[in-house]
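Presented below is the structure to which this report refers.
The values are calculated or read from the model by the stated rules, or taken from the named source; none is laboratory data. Since the structure is predicted, the reported quantities are computational estimates derived from the model, not experimental observations. With ideal geometry, Cβ positions are generated from the backbone for all residues, glycine too; neighbour counts draw on all protein chains shown.
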Amino acid sequence: MPLPRRAVLGAVPLLLPSRRTLAQGEPGRPIRMVVPFAAGGSADVVARITAQGLTEALGQPVVVENRGGSGGVIGSEAVLAAPADGATLAFHTLSSAVLNAGLYRSLSFDVRRAFAPVALIGTLPNVVLVNPKLPARTLAELLALMKARPGRITYASSGPGTITHLSAHLLASMAGAEATHVPYRGSGPAFADLLAGTVDMMVDTMASVIPAIRGGQVRALAVTTTTRSAALPEIPTAAEGGLPGYETYNWHAVFAHAATPAPVLARLEAATIAAVQAQSARLAAAGVEPRPEGSAALGAFWDQQLALWIPIIRASGATTD
């Protein structure tokens, strides 16, 4: 016999799986991984590699969604506006997870409280670059020029408060030298003017400049990590170049809404670590040094990065408000 209409309607909610059930692994339900930057950049490239690994590890689609704007703030807000069920993830970088906390005085959220760390993907070394016309073939020679010509050596950046700005500011500060900041709207125009000789130097992400280094269009003086990079093993570290203690790099990691249930976070953590391990060769080819570490390690690393960069931002005077 046909059921009464009221009985049929009352049964509908029982037939539909909850968002939480879907997030925990129902096949076919895609997980969104929000990249808070425009498509085509290093974060987008690394996110898509990670998403492929996550799709295989989770057994459900993981799709990348680019939500650029305001240095990563718009994408972050999109993740926080979604249900805290693990079906919407944030693919953060140093900029969106750390630097914005010091650059914005009126953010709509406290980044450290709003997000839960899932797993670290890897780090991206920076490299100190100069135009070949500049008479500096080593980092020590560059620092000597900066001291001999206070304020006359110019450095490009992708904008105030970005990693390219703060890395060069820290370099000059630690060396006791002065240089003039020339900000641009993005790393592309900044690097183009470095190639043209309009500016003297730049500290940029290694992954995006390796072809120009190998082609002799720019001169690489030092990598900004404590060990040499496998991608450019012939380039010395900053410590080897005469500036011990100097270290800057970008990084990528997966985060979720802080209210996401613990079992869901644990499943995402294990899957992300497995994804990085499975995609390590592709990540390395993209200029990333894979570093698959779980939520506890990422949380401690995150706190260390906040403690390091917030004072540097304040000392630089950079702000976006």
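Of note, Pro83 does not satisfy the criterion of being surrounded by 16 or more Cβ atoms within 10 Å (Cβ to Cβ) and in contact with a helix residue (DSSP H, G or I) (Cβ under 6 Å, 6 or more places away or on another chain).
Can you find, within the range 52-80, the residue that is surrounded by the fewest Cβ atoms within 10 Å (Cβ to Cβ) among those that are part of a helix (DSSP H, G or I) and either at positive phi or among the basic types (Lys, Arg) (or both)?
Let us first name the residues in the range 52-80 that are part of a helix (DSSP H, G or I), namely 52-58, 70-80.
Cutting the leftovers down to either at positive phi or among the basic types (Lys, Arg) (or both) gives us 70-72.
Details: Ser70: 15, Gly71: 20, Gly72: 26.
Looking at residues that are part of a helix (DSSP H, G or I) and either at positive phi or among the basic types (Lys, Arg) (or both), I get Ser70.
In the range 210-227, the residue that is surrounded by the most Cβ atoms within 10 Å (Cβ to Cβ) out of those that are assigned to a loop (DSSP other than H, G, I, E, B) and without any contact (Cβ under 8 Å) to a residue 12 or more places away in the chain is Thr227.
Matching residues to (1) farther than 17 Å from Ala101 by Cβ; (2) surrounded by fewer than 17 Cβ atoms within 10 Å (Cβ to Cβ):
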position	(1), (2)
Ala271	yes, no
Ser280	yes, no
Ala285	yes, yes
Val288	yes, no
Arg291	yes, no
Ser295	yes, no
Gln304	no, yes
Ala307	no, yes
Ile313	no, no
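Restrict the check to the range 171-182 and report whether at least one residue is of a type in the set (Val, Ile, Thr) and farther than 15 Å from Leu129 by Cβ. Scanning the range 171-182, I find at least one residue that is of a type in the set (Val, Ile, Thr) and farther than 15 Å from Leu129 by Cβ, so the answer is yes. When Ala231, Ala190, Ala207 are checked against the criterion of being crowded, with 18+ Cβ neighbours inside 10 Å, in a loop (DSSP other than H, G, I, E, B), out of contact with any Lys or Arg (no Cβ under 9 Å at 6 or more places or on another chain) and at pLDDT below 95, Ala231 stands alone in meeting it. Condition test on Val182, is it in a loop (DSSP other than H, G, I, E, B), closer than 27 Å to Phe37 by Cβ, in contact with a Ser or Thr (Cβ under 6 Å, 6 or more places away or on another chain) and hydrophobic (A, V, I, L, M, F, W, C)? Spelling it out, it is not the case that Val182 is in a loop (DSSP other than H, G, I, E, B), closer than 27 Å to Phe37 by Cβ, in contact with a Ser or Thr (Cβ under 6 Å, 6 or more places away or on another chain) and hydrophobic (A, V, I, L, M, F, W, C). Whenever a residue of the range 90-101 is assigned by TED's automatic domain parsing to the domain that holds Arg291, its partners that are charged (D, E, K, R), lying with C-beta atoms within less than 9 angstrom and at least six residues away or across chains, give the pairs Phe91/Asp44; Ala97/Arg112; Ala101/Asp110; Ala101/Arg112.
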